1. In whole percent, what relative contact order does region 211-254 give with Cα contacts below 8 Å and a gap of six or more residues?
2. Which of the chymotrypsin sites (Phe, Trp or Tyr not before Pro) found in region 20-67 are loop residues per DSSP with 13 or fewer other Cβ atoms within 10 Å of their Cβ?
3. Order by neighbour count: PHE180, PHE165, PHE236, fewest other Cβ atoms within 10 Å first, most last.
4. Between ASN46, ASN334, ASN185, which gets the highest mean-square fluctuation from a Gaussian network model of the chain, Cα cutoff 10 Å?
5. For the chain, what does the helix formula give at 222 nm: sum of -39500 (n - 2.57) over DSSP H segments with n ≥ 4, over the residue count, nearest 500 deg cm²/dmol?
6. Count the DSSP beta bridges whose two residues both fall in region 46-137, then state the antiparallel fraction as a percent rounded to the nearest 5.
7. If you take the square roots of the eigenvalues of the alpha-carbon gyration tensor of region 62-206 and sort them as a ≥ b ≥ c, do you get rounded (a/c under 1.5), prolate (a/b over b/c) or oblate?
8. Restrict the search to region 102-150; then list the trypsin sites (Lys or Arg not before Pro) that DSSP places in a loop and that have at most 15 other Cβ atoms within 10 Å of their Cβ.
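What follows draws every value from the coordinates through simple rules; no lab data is involved. Only a predicted model underlies this, so the values are computations on that prediction, with no experimental measurement involved. With ideal geometry, Cβ positions are generated from the backbone for all residues, glycine too; neighbour counts draw on all protein chains shown.
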Amino acid sequence: MIEYENLYKSNLALFGEYSQSFQDFLESGWFILGKQVESFEEEFANFVGSKHCIGVASGLDAMIIALDALDFEKGSEIIVPSNTYIATIMAVIRAGYTPILVEPDIHAYNIDPKKIEEKITSKTRAILVVHLYGKACDMTQIQQIARAHKLVILEDCAQAHDARFQDQQVGTFGIGCFSFYPTKNLGALGDAGAITTNDEEFAHKLKAYRNYGSHKKYVNKYLGYNSRLDEIQASFLRKKLKLLPKITEHKRELASLYLKHLDQDKYILPQVHQDFFDVYHIFNIRHPKRDKLKEYLLSQNVMTEIHYPIPPHKQEAMQGILTGEYPISEEIHNTALSLPIALFHTKEDILQIIEILNRWQG
């Protein structure tokens, strides 16, 4: 069986370092907001190319806290893609704002810049882009729109650590919101997240927001949150961050095999362009008989996933909140299939999957 993901295997090479990290953490006697968090924040900011990094408890919290700390008037509208994981839209709602959905580019799967301006109103305050599957959005057009309408840019970078647009890393075009959920390219051993920004004053505010709205113990300036990156997760992330370039290189090598050898007359493959440095957190293909294809692959001992089977506007939780029709998003959700491309997979695994896919007569 070729598994889709196996976190034991993906983290095995770091077990020795993780064990030492845990021992050091235990003996330090300091478990919340200590030296490990400070060091990771500095190292990750340097890696991304941002002036500041603020560690929080999850990627969802990163978006909620960043949006809340911007302090827009309640009911302000935030542009978001219709094709995203539901967490992006939940964050907008939880922060007290109104999500305005924009359809994706059918080839890139990210928000279509050509469709943004028609959704902008006098209530619009920000564009929240999602760098889906590990591909950056087309930030040239999005930045131009944001400047023209005086909008803030936020980036959901949950699936895009190390991804770049025109050699600039995601998380530096606006306010970056990262998840370090264990399956991510830079994954912790539990929930974890971070916010990146070049604004020193905003970074200072975010550090209070994550800690009950407080800079000084028992003195609360803001109505904040309890959302702090754990010391132990920060120590694990510091070890894995050193390997992230190799993780990226490995996944890009596996993706290149799919791109080169998969039958493009049968399957719709990810779009590739020189302006985009893709990191393939997810290798997504599309097929009109996606469900039958998934069953076939499982019968051939290949496990796959669907990211995502239900678009946000069709979720029960969003009924009465999201309105409108989003046929492009629905088409993607009905045809998308994620193929194995984890750190533990070998080139031989991928070539075997390709051979199985190319002989399918569905």
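1. Rounded, it is 24 percent for region 211-254.
2. Here the chymotrypsin sites (Phe, Trp or Tyr not before Pro) that fit, given the DSSP loop and packing criteria, are TRP30, PHE31.
3. PHE165, PHE236, PHE180
4. ASN46
5. Computed mean residue ellipticity for the chain: -11500 deg cm²/dmol.
6. Just about 10 percent of them are antiparallel.
7. In terms of gyration-tensor shape, rounded.
8. Those satisfying the criteria are LYS123, LYS150.
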